[in-house]
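Note sheet for the following structure.
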Amino acid sequence: METVESAPTLADGSVVAGRYEIVRRIGEGGLGEVYECTVLATGGKAALKILKPALNKTTAVERFLQEPRAAAAVNHKRIIKVSDAGESDGVYFLVMELLGGHNLGEEIDRFGGKLPIGHAINVLLQICDGLGAAHNAGVVHRDLKPENIFVTRTTGNLGVEFEIKILDFGIARIDSAERMTQTTTVIGTPVYMSPEQQLRPKDVN
């Protein structure tokens, strides 16, 4: 299901936490909006993700702020890097590396719904590399889908190369953290869940 974008919460040129100046909105998901911003201290660019204000007083706040903890626990090149997080004037925010490219769903569409075998294997190996590092760190993503896998392209010695980044650890399970779901709760995107999650919800956590 596609997300219907609402009006931006933050105006271009506004400043968050006194450190991040909004350039433009670049995306929106179920919990938050993503903006390109300028880091005022350095002049560099970053991605600023904010929680939708309507969710400020819900359990979504804890899930939103879990993402930087999960990213820090893994600390791997295949996982999106989160450099800052917090709350300022009622706005909950995360600051992440700004990526150029598109998600895996769009990448698949570019090839008519089917990636070339060599490309598909390379994508899969990079995803497994990131997930392996996450699992070794005690982090389980729990919502892995094409929209949460980002494809960036660069020009290297061998021509055009690409790199995979895994995004959105908001509903991840971190072994060292307090559980935020009951053992009978099924979470994630149903169409991408494993059969055992759908058939035996008492075992998902």
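The values are calculated or read from the model by the stated rules, or taken from the named source; none is laboratory data. The model shown is predicted, which means the values in this text are computed figures rather than measured ones. Note that each Cβ is placed from the backbone with ideal geometry, even for glycine, and that neighbours are counted across all protein chains shown. Note: accessible area is taken over every heavy atom of the protein model, side chains too, but ligands, DNA and RNA are not part of it. Shrake-Rupley method; radii C 1.70, N 1.55, O 1.52, S 1.80 Å.
How many percent of the accessible area of region 1-61 is carbon or sulfur, using a 1.4 Å probe?
That share works out to 57 percent.
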Query - Which listed pairs, of Lys52/Lys114; Lys57/Lys77; Lys45/Lys114; Lys77/Lys114; Lys49/Lys77; Lys57/Lys145, have C-alpha distances above 24 Å, in listed order - result: Lys52/Lys114; Lys57/Lys77; Lys45/Lys114; Lys77/Lys114; Lys57/Lys145
Query - Lys, Arg +1 and Asp, Glu -1 on Cβ, resulting dipole of region 23-170 about Cα centre, debye, nearest 20 - result: 100 debye
Report summary line: A correct Stokes-Einstein calculation for region 1-142, using the alpha-carbon Kirkwood radius, 20 °C and 1.002 mPa s, returns a whole-number D in µm² s⁻¹ of 128 µm²/s
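What FRET efficiency do you get for Glu62 and Lys145 if R0 is 30 Å and r is their Cβ-Cβ distance, rounded to the nearest 0.05? Spell out each step's value before the answer.
Details: r = 22 Å, r/R0 = 0.73.
Calculated value: 0.85.
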Query - Solvent exposure of region 54-154 as accessible area per residue, Å², 1.4 Å probe - result: 50 Å²
Query raised in the report: Expressed as a rounded percentage, what relative contact order does region 4-129 have, with Cα pairs under 8 Å and six or more residues apart?
Result: 17 percent
Query raised in the report: Nearest 0.05, what FRET efficiency do Leu40 and Ser83 give at R0 = 22 Å with Cβ-Cβ as r?
Result: 0.95
Query raised in the report: Using θ = phi - 60° and the Karplus curve 6.51 cos²θ - 1.76 cosθ + 1.60, what whole-Hz ³J(HN,Hα) does each residue of region 74-85 get, with Gly and Pro shown as x?
Result: 7, 6, 9, 5, 8, 10, 3, 8, 10, 9, 7, 6
Query raised in the report: Residues in region 59-89 near a label at Ala17, defined as backbone nitrogen under 15 Å from the 7 Å Cα→Cβ point?
Result: 64-72, 81-89
**Report entry** Percent RCO, i.e. relative contact order, over region 18-69, from Cα pairs under 8 Å lying at least 6 residues apart
**Finding:** 27 percent
Query raised in the report: Given 5 Å bins starting at zero, what is the percent of C-alpha pairs of region 31-79 in each, up to the one with the largest pair distance?
Result: 5, 17, 19, 20, 24, 12, 3
